[in-house]
Amino acid sequence: MACRSCKNEPYIDKKSPRRSLQTGDLERCEECGKAPLDLVMIEAMDLLVEEGLRDDREPLRSVGSPMIEIGYPLPYPPRLSDSQLILVMDRVNRAAASRLLEIPEIKGVIRRSREIPGVVDKNGHTWELLSGCDMRCDIIQSIYGDLVIYKNQSKIHIEFPRESYPKIRILEDLRISGRSVIDGLCGPGTLGFVCVLAGAKEVVMNDIWLPAVENVLINLEVNRDVLGIESIELFDRGVEMVGGSPRLVGRATGACEIEVYHGDIRKLFSAVNTPDMCILDHFPGAPLDEIKRACSSCDEIVVV
């Protein structure tokens, strides 16, 4: 938030050419040191113009997508402290990305490709982290409690939390308490962890994409108190980015028994007991029929 000494921000039209923008009182606050998001984006734009990667006739929105380090739905434009912004960009090179880190508020620069990180074909997809750090944390709110979900944003698809988070609302309408649940396409673990908060007795989380599984293991640790975890056991994760036969990579005990697997969900049921419920959070448009058939022994299949 702005402090009492922060000046009111002028309106900046993100669609207008950079050369026509009037920045007025857009500046870092002398009292709290925080910068308006628009100021950071304008400084990034000017640097890209210097590097010959943008033209000042282009709009400010051409810089890229600003991702705040802590993802939380805000009703107002954020004020940024040092190292709180990750830029997801097209038309950027490593030299410019290194220079962008000289802007105090920028934490990392990711070069975007046409692919979506985490969508798996033979090799899987990532974007390229050109400079800095790509670790972000989303604050996930539910009627059962709140979670912090860390993710390496160059390797995991962007899914920014909203005040009304439809996938969480779907889980809140289900009977989960006392049941065994599989989050079969778990990503960084959001839905599986919500099931733990909802009172599931057992939760199995699985993903074919190794970076997602690594983020799940981080999130086990950072949420251990709210999840009632007493102990965490980690196993060999292997090196394959795209998993095959499911490999148990982590186990947590406490209020709920949690297991984390890396592998193909179509082979998962040969390694785990059949659960009461299988949750499938798939990419829009991705084929799901074969996965549903693999989960057919479950009492309930929920597609979110």
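The values are calculated or read from the model by the stated rules, or taken from the named source; none is laboratory data. Keep in mind that this is a model prediction, so the values were computed, not measured. Cβ placement follows ideal geometry from the backbone for every residue including glycine, while neighbour counts extend to all protein chains displayed. We work out accessible area using only protein heavy atoms, side chains counted, and drop any ligands, DNA or RNA first. Shrake-Rupley method; radii C 1.70, N 1.55, O 1.52, S 1.80 Å.
Computed values, structure above
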quantity: Residue count, the range 103-125 (criterion: open to solvent by less than 20 Å² (accessible area, probe 1.4 Å) and either part of a strand (DSSP E or B) or modelled with pLDDT under 95 (or both)); calculated: 7
quantity: Any hit, the range 70-93, residues being open to solvent by less than 20 Å² (accessible area, probe 1.4 Å), over 28 Å from the mean Cα position of the chain (by Cα) and in contact (Cβ under 8 Å) with a residue 24 or more places away in the chain; calculated: no
quantity: Scan of the range 279-289 for residues that are more than 22 Å from the chain's Cα centre (by Cα) and surrounded by 10 or more Cβ atoms within 10 Å (Cβ to Cβ), ordered by number; calculated: Leu288
quantity: Test: Gly254 is touching a residue at least 12 places away in the same chain (Cβ under 8 Å) and open to solvent by 20 Å² or more (accessible area, probe 1.4 Å); calculated: yes
quantity: Residue count, the range 1-42 (criterion: in contact (Cβ under 8 Å) with a residue 60 or more places away in the chain and either part of a strand (DSSP E or B) or surrounded by 18 or more Cβ atoms within 10 Å (Cβ to Cβ) (or both)); calculated: 4
quantity: Output for the range 196-250, where each listed residue is open to solvent by 30 Å² or more (accessible area, probe 1.4 Å), among the polar types (S, T, N, Q) and farther than 21 Å from Pro275 by Cα; calculated: Ser231
quantity: Selection count, the range 157-182, where residues are buried (at least 17 other Cβ atoms within 10 Å of the Cβ), at pLDDT 95 or above and either among the basic types (Lys, Arg) or outside any helix (DSSP H, G or I) (or both); calculated: 5
